[in-house]
1. Taking only the alpha-carbon atoms of the stretch 25-92, what semi-axes of the equivalent ellipsoid follow from 5 times the gyration tensor eigenvalues under a square root, in whole Å, largest first?
2. Please list, in order along the stretch 82-95, the HN-Hα scalar couplings obtained from phi with the Karplus expression 6.51 cos²θ - 1.76 cosθ + 1.60 (θ = phi - 60°), rounded to whole Hz, x for Gly and Pro.
Amino acid sequence: MSFWKRVFGGGGEPGENKEQYGVDYVGVSEVLTFNRNLLAALNHEKEGIDLYSRFLDEANDERGREMYRKLIDEEKHHIRMVLDEIEEHKKRGYWS
């Protein structure tokens with residue numbers, strides 16, 4: 001199955017609904033936007049870990065420290081989810 005059919009379903013073959021030069025600029029733009037958003041999400045999760053780590057260092061009681069440790073674990077889980085999605089896109093040829 002072609003890249004375009006995998007990404008956009010039926011009717012997405014080259015030469016159909018294309019602009020000048022036979023390129024589906026909207027479809028390519030959607031894939032690139034999604035990939036860019038995955039990278040932005042990854043960066044935000046990393047920033048969250050940095051923020052919660054700083055708060056953890058500043059916490060003055062065990063209850064607060066435990067809360068920040070849990071939040072850091074959640075951010076790490078989110079990072080794994082985003083990285084898994086990026087790997088899936090790479091395997092399917094959607095990553096650029």
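A short reminder: the numbers here are calculations on the coordinates, not readings from a lab. Because the structure is predicted, anything quoted here is derived from the model rather than measured.
1. Each semi-axis is √(5λ); the values are 33, 11, 6 Å.
2. Along the stretch 82-95, the couplings run 5, 4, 4, 5, 4, 4, 4, 5, 5, 4, 8, x, 9, 8 Hz.
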